[in-house]
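Below: the structure, in structure tokens.
The values are calculated or read from the model by the stated rules, or taken from the named source; none is laboratory data. As the structure is a computational prediction, the values presented were derived from the model and not from experiment. Positions of Cβ are generated from backbone atoms using ideal geometry, with glycine treated the same way; all protein chains shown enter the neighbour counts.
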Amino acid sequence: MPIFALSIFLSAFLLFQIQPLIGKFILPWFGGAPAVWSTVMLFFQVLLTDGYAYAYWLIGRSKKQTITHVSLIALAVAILLSLAFVWTSPITPDSSWKPQDVAAPVFDIFKLLLVSVGLPYFILASNSPLMQAWFSRAFPRESYARLYAVSNFGSLLGLLAYPVLIEPNFSLRIQGWMWSGGFAFFGLLASRIALQNGRASPLSNPTTDPARTSGHPTPALTSLWIALSATASMFLLSTTNQISQEVAVIPFLWVLPLALYLLSFILTFSGEHGYNRKFYAGMFIASTALTVFVMLDATAIRVYWQILAYSTLLFSACMLCHGELYRLRPPAERLTTFYLMVSIGGAIGGLFVSLIAPLIFNGYWEFFVALAMTIAILLSMRDRARDSIPRNDVSARARFIFFVFGLATVMLVLIGAYFSGSLYVKRNFYGVIRVREELIGSPPQPARLMAHGITVHGLQFIAPEDRDLPTTYYVREGGAGLAILNHPRYHHGLRVGMLGVGVGTLATYGQPGDVYRLYEINPVVTDLAEGEGGYFSFVRDSKADVTMILGDARLSLERELEETGSQNFDVLVLDTFSSDSIPVHLITKEAMALYLEHLAPEGIIAAHITNLHLDLQPVFWGLAQYYGLSMVRVNYEGDSGGGYASHWILLARNPALLDVPAIQDQAVDLSGYSTSLRLWTDDYSNLFQILK
């Protein structure tokens, strides 16, 4: 018994450790986009289904179970050992695997995950059903219910241990080695059990509750299992997208929804008393109202309350879905089929959110599809005992849920297409970009705005005489404007770099002989900035030589440094916000070292730190102290002519560049300021320490 429990605990722990670990490792390679998390989760959901299917197939084979599974484990360990000689750890790919373009990020992410952790994760995913089956063969009179509890405990512990213990204390390289060592130890345990299984008597049916016998599950019942599981999976991924888009892309905010999802499984499948229909139906209704209120006034509500609202809604929805799954569970001899269908439903939900929704929706409408399906589940509930549910009732419930799914999907597609209120809307892997026309300023003047989420990334007035007017965060009195206009090389061939293009407003400062290089990962943004649709013309009208570089800014700068050397920027502007989500990999010690390599000796770095939820000043203060840079903070209060309130950090090696009257007049007094915040690196960052 102990060796089975240890094997199941370790496999569950490793399964839920690898997701945030490898997700954080590859996140910088894809611009820190929130969709990286949902794509990673989709990959693991699909592989989990494959693992369950493999276990289902292997259990059905009376011969060669042992040699098949032991050979697969040996192959996985051999692959990890071979990769250890070429990578920094057996599961963290080297720089040669970094994507060269951003045309197909989902395919690139799947390829990276498949090569680095695909086979080990597949084996871990198959372990729980295999161990339960082999335990029943070794101990035919014992129930494996306690093994299921051990698996749940290992999963939750593995998930929560990452942000609390693993991430803050170990580098990603060390984490990779620790996980690989854990897998090797698991391989020894699983191989020993498999060898014991080969010598055991034929498999007996396990003893569990309920233990009655029945025929094969009907198509209606399996469809309902899939629908319930898919709804919970859709809610998990769409809620993760909502939180990540509006707060920040960090592992904890990915771990929290996943932990609530897992907790709902643990509670509902712990026994008859783990799920109370009336209580969780009431919680779902109340949390739905609270979340709608939060969504209608997101800019005024603190981030903690937003996370609480979304988390409560997710938890109550998952409790309803998984609670109904538990009530519909089959007898013991059909449980393998049941868990396979549940995993298939989870994969289908993930496929819809990550692959289908971006193609058919121009917003994150899958959240409302999942909400509608959960309401359908709530409305279809019948207060019957599990054993007395008629077959036609199951069929009606399944049809109703699928009907609501189809209806909600079609309605949201039509609403998004015909009632968006925008001139232009497009969604891709990196988010939803909208262009709309509004009256701006006093007196009001027509202008076009580009927005990503709730953040405006630039506006341009329509009137010809005002089209070259710098607006929003890039007004002349803002940090970037001051850095350019007061640089000694202004009007003398200034070289300017910018991370994050927006509508290209900064290009309006360009003078003949200037060189502007604009780095942007989202192809929709570059197309609009270059004039697609005729909405914006800052780049096209600029007097400077403007070049767009598509791809993650850090990867592009690294590649340029290696291939052509330093760009020698006189001014380097950092504006990489996306709906207030911060790509952390662009504000670390290593990132700043790269910026300084590309900065001219008499250069200025202008970092835009305006943010609803995060105070980034301590981060840049630590970077300035580490690299011996002079630092000035510039706050602009906004104006009635299209200028937005903004906060900037200016950094320079030469303090004289910042000690000019125009900059000092706008500077915030930082005398006496200090922070105990730990220096951010590629291996360490903590956004919760800088929450406002």
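Things worth noting here:
- Test for E465: is it surrounded by fewer than 20 Cβ atoms within 10 Å (Cβ to Cβ), more than 24 Å from V584 (Cβ to Cβ) and modelled with pLDDT under 95: yes
- Number of the exception - E590 against (1) touching a residue at least 60 places away in the same chain (Cβ under 8 Å); (2) farther than 16 Å from W29 by Cα; (3) under 25 Å from the mean Cα position of the chain (by Cα): (2)
- A residue that is more than 23 Å from the chain's Cα centre (by Cα) and hydroxyl-bearing (S, T, Y) cannot be found anywhere in the stretch 107-121.
- Any hit, the stretch 182-190, residues being closer than 20 Å to T336 by Cα, modelled with pLDDT under 80 and either among the aliphatic types (A, V, I, L, M) or in a helix (DSSP H, G or I) (or both): no
- Looking at the stretch 418-466, the strands (runs of 3 or more DSSP E) lying wholly inside it that each contain 2 or more residues that are among the β-branched types (V, I, T), touching a strand residue (DSSP E or B) at 6+ places or on another chain (Cβ under 8 Å) and not assigned by TED's automatic domain parsing to the domain that holds G533 sit at 431-440, 455-461.
- Some residue of the stretch 478-497 being surrounded by fewer than 19 Cβ atoms within 10 Å (Cβ to Cβ) and in contact with a helix residue (DSSP H, G or I) (Cβ under 6 Å, 6 or more places away or on another chain): yes
- Against the test of being within 34 Å of the chain's Cα centre (by Cα), free of Cβ contacts under 8 Å to residues at least 40 places away in the same chain and closer than 24 Å to D639 by Cα, the options L506, L449, L459 yield a single qualifying residue, L449.
- With respect to the conditions (1) modelled with pLDDT of 90 or more; (2) not aliphatic (A, V, I, L, M); (3) not in a helix (DSSP H, G or I), W179 lacks only one, and its number is (3).
- Selection from the stretch 263-282 of residues that are more than 17 Å from S380 (Cα to Cα) and part of a helix (DSSP H, G or I): L263, S264, F265, I266, L267, T268, E272, H273, G274
- Residue in the stretch 555-563 that is of a type outside the set (S, T, Y) and touching a residue at least 40 places away in the same chain (Cβ under 8 Å) present: yes
- Hits in the stretch 467-483 - residues which are in contact with a Leu (Cβ under 7 Å, 6 or more places away or on another chain) and assigned to a helix (DSSP H, G or I): G479, A480, A483
- Failed item, numbered, when R141 is tested on (1) of a type outside the set (A, V, I, L, M, F, W, C); (2) surrounded by 15 or more Cβ atoms within 10 Å (Cβ to Cβ); (3) not in a helix (DSSP H, G or I): (2)
- Members of the stretch 115-137 that are of a type in the set (A, V, I, L, M) and touching a Phe, Trp or Tyr at 6+ places or on another chain (Cβ under 8 Å): V115, L124, A125, M131
- Residues (within 18 Å of A398 (Cα to Cα) and modelled with pLDDT under 85) located in the stretch 297-336: R329, P330
- Residues in the stretch 490-540 that are over 20 Å from T471 (Cβ atoms), in contact with a Leu (Cβ under 9 Å, 6 or more places away or on another chain) and among the hydrophobic types (A, V, I, L, M, F, W, C): V515, I521.
- For the stretch 5-36, a tally of residues being more than 22 Å from A161 (Cβ to Cβ) and not small (G, A, S) returns 4.
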